[in-house]
1. With 22 Å as the limit, write out which pairs from Lys63/Lys186; Lys101/Lys130; Lys186/Lys218; Lys112/Lys133; Lys28/Lys236; Lys40/Lys218 have Cα-Cα distances beyond it, or answer none.
2. Would you please give the residues with an amide H less than 5 Å from that of Asp209, counting only those at least 5 places away or on a separate chain, with H modeled from the backbone geometry?
3. Please get the size of the charge dipole for region 1-156, origin at its Cα centre, with Cβ charges of +1 on Lys and Arg and -1 on Asp and Glu, quoted in debye to the nearest 20.
4. Return, for the Cα atoms of region 88-152, the radius of gyration and Dmax in Å, separated by a comma.
5. So what is the relative contact order for region 139-248, in percent, with contacts set as C-alpha pairs under 8 Å and at least six apart?
6. Can you work out ³J(HN,Hα) from phi for every residue in region 179-186, in order, using Karplus 6.51 cos²θ - 1.76 cosθ + 1.60 and θ = phi - 60°, giving whole Hz and x for Gly and Pro?
7. Could you size up the charge dipole of region 88-152 around its Cα centre, putting +1 on the beta carbon of Lys and Arg and -1 on that of Asp and Glu, and report it in debye to the nearest 20?
8. By its C-alpha gyration tensor, with a ≥ b ≥ c as the square roots of the eigenvalues, how is the chain shaped: rounded for a/c under 1.5, else prolate for a/b larger than b/c, else oblate?
Amino acid sequence: MIEIKGLSKNYGSVKALQPLNLRLSVGKTHVCLGSSGCGKSTLLRLICGLIEPTEGEVIINGKKVSTSSQRKTALNIGYVIQEGGLFPHLTAKENIELAAKVNGWNKINIKKRRSYLMELMTMKESLLEKFPKQLSGGQRQRFSLMRALMLDPEIILMDEPLGALDPVVRSHLQIELKDIFEKLNKTVVMVTHDVWEGAFLGDTISLFDQGQLLQHGKFSDLMTSPANSFVSSFLKAQWPPKEVMEWL
Ligand code: ADP
Ligand code: MG
């Protein structure tokens, strides 16, 4: 369980996140939805203790997250940052094994875990020696997720993981991610600004605007009982134009 209590973050006069209360249950995929600049990445950084809140707290398994215990928190949280964030000077293999090496895993366990993840992501072994710039966008995202999964954390945070991909690769990866999340039973907090991606992957949706949570619930709740007109217009903004709908 991730408990978020009165959590806020200001940058000078910018209210990146306004006081937020939320309980995110274990083993589910929670999607944070909202336009650019509404505070989604800030929330993820607060959850994993990369930044200090202005007020309030995040509690994971009964323990308060803080920047001073970030290294310990990081063992239990896999974080896929926006654009994937693979180290360009390391091969795919070195990228995914780094955290395990730093934490003193032995070679046999590293190899076992890597092979398991390669199979899970249906990746060819030959890709392991490639550098990020030699991989396609979809392959890079798969390796970013594998890197986040390496230490087998309970929680996975993903910041717009599919944002930079072309539509066909993106839709394949959406299906793969849904399957993987269900199989692994992780608690996932995923950020996107794509309504349909959120609807497809999210057990719950939290819709933000200007640092404020407008509504939290199942996608069907937001559709059938939107909290206000912004929620309904945000959800409808990504529907195809009426003329296109007629062709469907
Ligand atoms: P999102 O991920 O939803 O696009 P962010 O969480 O990145 O939004 O940003 C929310 C707001 O906080 C934006 O107005 C952004 O400019 C501001 N912000 C984020 N990080 C910083 C920072 N380190 N310093 C100053 N302002 C920031
Ligand atoms: Mg962001």
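1. Exceeds cut-off: Lys112/Lys133; Lys28/Lys236.
2. Leu214
3. Using Cβ point charges on Lys, Arg, Asp and Glu, region 1-156 gives about 240 debye.
4. 10.8, 31
5. Over region 139-248, the number comes to 18 percent.
6. 5, 5, 4, 5, 5, 8, 6, 8
7. 60
8. Oblate.
The values are calculated or read from the model by the stated rules, or taken from the named source; none is laboratory data. What you see is a predicted model; the values in this text were computed from it and never measured. Methodologically, a virtual Cβ is constructed for each residue, glycine included, from the backbone with ideal geometry; neighbour enumeration extends over all protein chains shown. Accessible surface areas use protein heavy atoms only, side chains included; no ligands, DNA or RNA. Shrake-Rupley method; radii C 1.70, N 1.55, O 1.52, S 1.80 Å.
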